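Values quoted throughout were computed directly from the atomic coordinates according to the rules given, and no laboratory measurement underlies them. Model, not experiment: these values are computed from the prediction. A quick note on method: Cβ atoms are made from the backbone with ideal geometry, for glycine too, and the neighbour counts reach across all protein chains shown.
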């Protein structure tokens, strides 16, 4: 397996002005007290006080982290920009502004993101060239598109990038089997299905599994079979823990798709991964993707309502598992669960109070 890079990244402060229901809010994210301590902040509140908005604003700051210019303008949402700006900018305001401090390799970086009702985003930062997170050339278009679809509740896949991951509250492991051809496509956010012209999302989680299984079988010369073995071992560690089985076989279908089969560890016939409960699928997929995306380079992980679909006994277990399988990341979590909220020390809990629109 590739050696993990040591460059740390984290967000320590964010200030939000006129974003959705927030008129002004500033948050300091406490870091670990000692080396080796987990870096986890958990936000709680009743509905409507801005927990999800804070996570969205953190994601927007990280999208601005990879820019190669001090100032750049990006279009937010194309022809949907006006409607989206109406949704994201607080009523009565002409712009929304985000400011923050992100630490990269122990160096603090100040940056800001501002957008107006025309849908134009302006990013200002002081990032040294050697600290840039060098995403692919089309990173910003794809990330902005994915972010827009996330805010609108249209994309069930989490946002996965080099510097941050965002598991939003609309996430879902999409039912249905991936097509074999989807393994070689670069942009797997959406695919065409039947009837012609109708689009359904591809599950990012399922694509990673399909590629790893093919690599492990050494059917494709470009994929590392040894690395795939590690990936499948981690996957099946989670499948065994939460579903009592292992994924070892594929079942082909006549429509050029493949079905993932779970073999129970205590024997019996195999069954489809889609046959698991929504809670089983979500906890397996979320923990696996976090491990997979950050196993070589830690990043900041934003998670909205990890308790979705989970039974209460898994609420605290989820945070424990984060610290076990990917301890070097920074985690910022929004929750309604008392068990999730209580799973960290008091100085790593944030309770948002007041009413939406109040100064906080």
message = Sort 268-274, 281-287 by the packing proxy (mean of other Cβ within 10 Å over each peptide's residues), most packed first.
response = 281-287, 268-274
message = What distance in nm separates the two pseudo spin-label positions at residue 106 and residue 227, each 7 Å out from Cα along the beta-carbon direction?
response = 2.9
key: Point-to-point label distance, residue 338-residue 311, nm (Cα→Cβ direction, 7 Å offset)   = 2.0
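Compute the length gained on full extension between residue 353 and residue 207: take 0.36 nm times their separation in residues and subtract their Cα-Cα distance, giving the result in nm to one decimal.
On the way: separation 146, 0.36 × 146 = 52.56 nm, distance 4.04 nm.
That works out to 48.5 nm of additional length.
Kindly rank 21-33, 317-329 from highest to lowest mean number of other beta carbons found within 10 Å of each residue. Mind dumping the intermediate values first?
Working: 21-33: 16.1, 317-329: 18.2.
Ranking the peptides 21-33, 317-329 by packing returns 317-329, 21-33.
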request  = Just subtract the alpha-carbon distance of residue 175 and residue 253 from 0.36 nm times their residue separation and send over the number in nm, one decimal.
outcome  = 26.6 nm
Packing-based ranking, highest mean first, of 94-107, 166-179 given that Cβ atoms within 10 Å are counted = 166-179, 94-107
remark   = Computed from the beta carbon distance with a Förster radius of 56 Å, FRET efficiency for residue 13 and residue 263 to the nearest 0.05 stands at 0.70
